[in-house]
Amino acid sequence: MEHNRQRIQYCFPDNNSSCFKDIKPEVEYVILYIFIFLASVFTVFLNMLVIISISHFKQLHTPTNLLILSLAVADMIVGLIVIPLMGIRFIESCWYFGETFCSLFLFIVFVVVSASLGNLVFISIDRYIAVSDPLRYTVRVTTDKVVFCIITNWLCSGIYSVIILYNTMFYPETHGSCYGECTVAFKFEHVVTDLIVTFVAPSSVIMSIYVKIFCVAKHQAKVVNSVTGVSRSQRKAAKTLGIVVMVYFMCWIPYYIVTLIEGNESTESIEFNVTCWIVYMNSCMNPLIYALFYKWFRISAKHIVTLNIFKPSSEYFSIFQEDK
């Protein structure tokens, strides 16, 4: 009995309905907090490089890069808000920020997730048009159209999040079993609905589009060898963004498998927590992919880190220097 008292405490000792707080060894606390801090800083820093690069340099003001910018904003929010708060909740096994902020936090998480996948859908469509119809791409895909798509994507993500989290946001007393908890209580049918709406349906669209992209690219590689300058560039962009999509799927599929298998009990399992953190870490992978495959990102990041962006007319620097 004395051992149990030492291992378990209350999140809020003065509240009779408080949740229990699991006590971890001090070394484990230190290691976990260092990991959370580094993951958050790393994710925010890398995505800020993407955001500043595309926002600052005129050469990067293209429709495709606006979609990448929108994706980077979603990933930065994950690093700035989701990772730190989820980290504290995981380490302390308590939610210390109140019911109102819990509802707002869950809303942010769902919006960011939905918006990220929506961005990937629009990126896939953009790359398909660029590869299949390069001569009319600048006419069919304009900055105004892309901005409209981005706004619509975030707006729809917000509306969907309000619908799926309606009870959690407006009736928080109905889903919490104790004070100091911040979870979403979904019925199995809601889990399946969310899986279809926010993953299966968009993923099916993305995968079908990328199959068409690589079929067209393969055909172009055989038939159109006289205009390889544009075609090769568009195919490389499609390939790079295809890798972004595949990494996204690899991070999210384990999470949905665990969620479907374990249902509402998944919040307590090691498997669920591990898959959640794999999902969060996906937000810092996209800039690493850009750094690996896009020379323009490496050049712009160098200008930012060395503070060259503060020089006069730095927004007109040449970014595309034989990007092969």
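Descriptive notes on the structure:
- Checking each residue in region 195-228 for being at pLDDT 80 or above and charged (D, E, K, R) picks out only K212.
- Tally of residues being of a type in the set (S, T, N, Q) and more than 24 Å from the chain's Cα centre (by Cα) across region 119-165: 3
- Region 130-142: number of residues that are of a type in the set (A, V, I, L, M, F, W, C) and at pLDDT below 90: 3
- Filter result (modelled with pLDDT of 85 or more and small (G, A, S)) within region 82-102: G87
- Spans of helices (runs of 4 or more DSSP H) in region 1-109 with at least 1 residues out of contact with any helix residue (DSSP H, G or I) (no Cβ under 8 Å at 6 or more places or on another chain) and free of Cβ contacts under 8 Å to residues at least 60 places away in the same chain: 2-7, 26-56
- Looking across region 126-139, the residues that are surrounded by 12 or more Cβ atoms within 10 Å (Cβ to Cβ) and assigned to a helix (DSSP H, G or I) come down to D126, R127, Y128, I129, A130, V131, S132, P134, Y137.
- When residues of region 286-308 are limited to those that are without any contact (Cβ under 8 Å) to a residue 60 or more places away in the chain and closer than 10 Å to F320 by Cα, the one surrounded by the most Cβ atoms within 10 Å (Cβ to Cβ): Y294
The values are calculated or read from the model by the stated rules, or taken from the named source; none is laboratory data. Quantities reported herein were computed from a predicted structural model and do not represent experimental measurements. In this analysis, Cβ positions are derived from the backbone assuming ideal geometry, glycine residues included, and neighbour counts consider all displayed protein chains.
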